[in-house]
Every structure is written in structure tokens, then in C-alpha cells.
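Right, one structure below, let's go through it.
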Amino acid sequence: MKIAVCIKQVPTREWQPRLNESRTWVREQDASYEMNEPDAYALEEALRLREKHGGEVVVCSVGPARVQQVIREALARGADRAVHVEDEALGSVDAATAAAALAPALREEGCDLILTGLQSDDQGHAQFGPVLAASLDVPHSTIIMEVQAQDGGIRVKRELEGGWFQYVSMPTPALLTIQSGINQLRYATLKGIMAAKKKEIRKVAAPAGLAARLQVVAMYAPQKSKQTVMIGGTPADAARELVRRLREEARVL
């Protein structure tokens, strides 16, 4: 089984974001970066499937040269090789543009299974996986909690709302977005780190004519504020007014 895992480099959670001058994204030159945590669960699931069924795990990523930091980390955790669509302009693109950049390289790889994290920690749109599946014209399923290989396909367990689950059988090739917490993450060993230095990272040029589908107009930090309102009157009148405010203003009822 040949499995591709799409990983993304995102600003670390501990870093206090600072906006650029145009207030459309963070100051990337000041940021520290790490692997997107949901993608780490996708990588772990791919490694477990390879250990069980054999095959190859190929990590794929889009972005500038700094992305090789998380590519090397994925290789150190056990991935066999990597594909990097390298372009300085792809550091903070939307899901559709990233999918368009990566789709040709994945089509060339001809994988049986493509795994991504459910969403990214920086933008959080949860759109990359479905858009990439549409670009590759392969079936996809989201919020996956379990993957079982079958003859000619796979059987997956999806997490629904209210504690419900759904089981779906799918042909391959297919794309899955993996739910965080599906497994326990492994970390790179010293042996894995040394081995990663010798593993192949195939650099691929971004397709010509890429254009952003999403434009960020402005970003701002959440404003922390609070206001105390005193409600007077009789206990019955105060209760009615409280319920009205909760329903009409706070909209929690």
C-alpha cells in the first residue's frame, strides 16, 4: 500500500502572533514553526497502516524552503521519502491554491491512499482535504477515527455528532481526513533523525498560473472586554428581564 500524507508547517502555539503591516497575516519573519498537529495524527496512522500491510509512506508539503523543517521531522518519525512543492509564495495560501499546487505531484505519485489532518491549526478551514480529493477526482471521507484495509478498498469509521459513528466502505485510491486523537503519536528517535538525513526529498516546482481563491481583507486580535449590568425590580421582574437579555442579547437560550 502506497500512502501519501499531506503535512503543513504552521506557527507554534506558544508564539504570540504579531500582524504584518497590511494586517492580512502574521509577521512570518518573527514566527517559530512546527508541524500541524492534526497532520501528525495522519502521519501516525499512515505509519501504522504500513507496519500492518507493508508499502511506502510519502510525506508531501507545499511552501517555502523553511517547510523542510517539518518534512525532515516526518522522515525522522518513519516516513520513507518526501515530495516538496517549493515556492516562497505558497507559505500562507488558501486551501484551494495549496491543493492546486500539490495535486499534479500527487497524481504523478499514484498513491493508493492520501491522508491529511482534519484541519490546520493556523487557518482552520478544514477544506484542504475535500478540495484536494476533488482536484484528483478520488472519493474522500472526513473525520476518520479508524481505517481498515479490505480487498480492493478500505473501510473507515467516521465520527458524527452526538456520540454517533458511521462506517463507510470505499474503493481506492481515496483521500481521508484524520481526526486528532485517533492514535498516540510517536516521536523521532536519534536513530530516526540520523536516518532522515539520507532520505530523499523530491523538490517539485509549483504549477504555472496559480492564483489565490481567497483574499484576506483584514485580521485583528480578539478584544477582551466585559460589562456588568445590574438588573433591578422585584425578583419576578428581574428574572423575566434576565431571561430576555439571555435570549435576545446574549443569544444563549
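Looking at (1) of a type outside the set (Ser, Thr, Tyr); (2) touching a strand residue (DSSP E or B) at 6+ places or on another chain (Cβ under 7 Å); (3) surrounded by 19 or more Cβ atoms within 10 Å (Cβ to Cβ), which one does Arg81 not meet, given that it meets all the others? Unmet condition: (3).
Looking only at region 204-227, how many residues end up being in a loop (DSSP other than H, G, I, E, B) and either surrounded by 10 or more Cβ atoms within 10 Å (Cβ to Cβ) or in contact with a strand residue (DSSP E or B) (Cβ under 6 Å, 6 or more places away or on another chain) (or both)?
8
Taking region 85-203 as the region of interest, the strands (runs of 3 or more DSSP E) fully inside it that hold 2 or more residues being touching a helix residue (DSSP H, G or I) at 6+ places or on another chain (Cβ under 7 Å) and in the same structural domain as Arg48 (by TED's automatic domain parsing) are 113-117, 140-150, 174-178. Condition check for Ala196 on (1) surrounded by fewer than 17 Cβ atoms within 10 Å (Cβ to Cβ); (2) among the aliphatic types (A, V, I, L, M); (3) over 22 Å from the mean Cα position of the chain (by Cα): one failure, at (1). Annotation: Met230 fulfils all but one of (1) assigned to a loop (DSSP other than H, G, I, E, B); (2) in contact (Cβ under 8 Å) with a residue 12 or more places away in the chain; (3) not charged (D, E, K, R); the unmet one is (2).
Go through region 40-57 and give me each residue that's buried (at least 23 other Cβ atoms within 10 Å of the Cβ) and either polar (S, T, N, Q) or touching a Lys or Arg at 6+ places or on another chain (Cβ under 6 Å) (or both). Residue satisfying the conditions is Val57 alone. Residue check: is Ala174 among the hydrophobic types (A, V, I, L, M, F, W, C) and surrounded by 13 or more Cβ atoms within 10 Å (Cβ to Cβ)? Against the criterion (among the hydrophobic types (A, V, I, L, M, F, W, C) and surrounded by 13 or more Cβ atoms within 10 Å (Cβ to Cβ)), Ala174 qualifies. Residues that are touching a residue at least 60 places away in the same chain (Cβ under 8 Å) and over 17 Å from the mean Cα position of the chain (by Cα) were ranked within region 114-167; the one that is surrounded by the most Cβ atoms within 10 Å (Cβ to Cβ) is Val147. The requirement of being outside the structural domain of Ala99 (by TED's automatic domain parsing), in contact with a helix residue (DSSP H, G or I) (Cβ under 7 Å, 6 or more places away or on another chain) and not hydrophobic (A, V, I, L, M, F, W, C) is fulfilled somewhere in region 212-228, by at least one residue. Checking each residue in region 1-32 for being crowded, with 17+ Cβ neighbours inside 10 Å and either under 18 Å from the mean Cα position of the chain (by Cα) or polar (S, T, N, Q) (or both) picks out Ile3, Ala4, Val5, Cys6, Ile7, Lys8, Gln9, Val10, Pro11.
Filter region 54-86 for residues that are of a type in the set (A, V, I, L, M) and closer than 18 Å to Ala188 by Cβ and give the result. Of everything in region 54-86, those that are of a type in the set (A, V, I, L, M) and closer than 18 Å to Ala188 by Cβ turn out to be Val57, Val58, Val59, Val67, Val70, Ile71, Ala74, Leu75, Ala76, Ala79, Ala82.
The values are calculated or read from the model by the stated rules, or taken from the named source; none is laboratory data. Predicted, not measured: the structure shown is a model, and the values here were computed from it. Methodologically, a virtual Cβ is constructed for each residue, glycine included, from the backbone with ideal geometry; neighbour enumeration extends over all protein chains shown.
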